[in-house]
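Chemist: Starting off with a structure, shown below.
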Amino acid sequence: PQDGDMVLNGAISWGSPADDYLFFRNVFMHEHGHGLGILHVCPANETKLMEPFLSTAFFGPQHDDIRAVQRHYGDAPEPNGDAVEAVDLGGPGSEAILAPISIADASDRDWFRFEAAEGSVLDVAVAPDGFTYNSGSQFLFFCLPGSSVNSLTVHDLALRVLAADGSTVVAESDEAPAGQVESITGLALGAGTYFLEVAGGFASNVQLYGLEFSVSEGEDPPSPADLDGDGLLSKKEKEQL
């Protein structure tokens, strides 16, 4: 088959319902990976879907496979490379967890937007996802040991909160070293539209990460009778209701 086509041989026993046809599903997804342009990856130690030999020790794409797909095609929220394409996270009282998403290379930026009410409080964190493992190419019919890859520290992530104009920085977090969480917590906001921007460093490779976000509903508006704005109604203020 050419151009990403796949042929499934009906004469083959494709596994058993006892393990939810794991044999068939991993073979199918492995071959689909080739259709997406991904070659075999080594070593063959049953940790990656795109190894040259089938493994049923796991289900579906693993960490290295996900990195490969997102490096070439972007993550699920794409395109969200600027304020116009920013992913909507919701309004006051919203929460969201997005993972795994990624910074694909040095030019990539991830933008998100949300609405806040007067007195809303923002908590947001970006946590890099990765670990150290061996990865390399297949040579002819031989699966080589590969070289060590630390996928946790490919990019030193930075996080910014921007105002509705998309340029005024409200808060930022860029102090933690690569591989550690960047967070902005307890940030009090006024009513309006805000943006989150996640950026990486200079590496021409992919950094998986997770984004955790919440914005509170905000404060109840003061009573029109609360003339001094102290949150309490005096006897005189009550008489004016």
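Chemist: Here are some conditions: (1) modelled with pLDDT of 95 or more; (2) open to solvent by 70 Å² or more (accessible area, probe 1.4 Å); (3) outside any loop (DSSP other than H, G, I, E, B). Ala18 meets all but one. Which one does it not meet?
Modeler: (1)
Chemist: Next question, about the same structure. What's the total number of residues in the stretch 60-75 that are part of a helix (DSSP H, G or I) and of a type in the set (Gly, Ala, Ser)?
Modeler: Going through the stretch 60-75, the residues part of a helix (DSSP H, G or I) turn out to be 63-73.
Adding the requirement that they be of a type in the set (Gly, Ala, Ser) leaves 68.
The number of residues fulfilling the criteria is 1.
Chemist: Still on this model: Among the residues of the stretch 222-237, are any modelled with pLDDT of 95 or more and of a type in the set (A, V, I, L, M, F, W, C)? Lay out the reasoning, then the answer.
Modeler: Going residue by residue through the stretch 222-237, those that are modelled with pLDDT of 95 or more are none.
The answer is no, given that none of the residues of the stretch 222-237 is modelled with pLDDT of 95 or more and of a type in the set (A, V, I, L, M, F, W, C).
Chemist: While we're on this one: Determine, yes or no, whether Arg113 is open to solvent by less than 70 Å² (accessible area, probe 1.4 Å) and outside any loop (DSSP other than H, G, I, E, B). Before you say what the answer is, go through the steps one by one.
Modeler: Numbers: open to solvent by less than 70 Å² (accessible area, probe 1.4 Å): yes; outside any loop (DSSP other than H, G, I, E, B): yes.
Against the criterion (open to solvent by less than 70 Å² (accessible area, probe 1.4 Å) and outside any loop (DSSP other than H, G, I, E, B)), Arg113 qualifies.
Chemist: Okay, next question. Go through the residues of the stretch 23-35 one by one and say whether even a single one is over 20 Å from Val69 (Cβ atoms) and not acidic (Asp, Glu). Talk me through it step by step, then tell me what you get.
Modeler: The first filter runs over the stretch 23-35 and keeps only residues over 20 Å from Val69 (Cβ atoms), leaving 23-24.
Okay, now just the ones that are also not acidic (Asp, Glu), so 23-24.
Yes.
Chemist: If you don't mind, there's one more thing I want to ask. Keeping to the stretch 153-181, report how many residues are polar (S, T, N, Q) and in a strand (DSSP E or B).
Modeler: Here is the first cut: in the stretch 153-181, the residues polar (S, T, N, Q) are 153, 167-168, 173, 180.
Restricting the remaining residues to those that are in a strand (DSSP E or B) gives 173.
Total meeting the criteria: 1.
The values are calculated or read from the model by the stated rules, or taken from the named source; none is laboratory data. Since this is a predicted model, take the numbers as computed values, not measurements. Ideal geometry is used to build each Cβ from the backbone, glycine not excepted, and the neighbour counts take in all protein chains shown. Heads up: the accessible areas ignore ligands, DNA and RNA and are worked out on the full protein's heavy atoms, side chains in. Shrake-Rupley method; radii C 1.70, N 1.55, O 1.52, S 1.80 Å.
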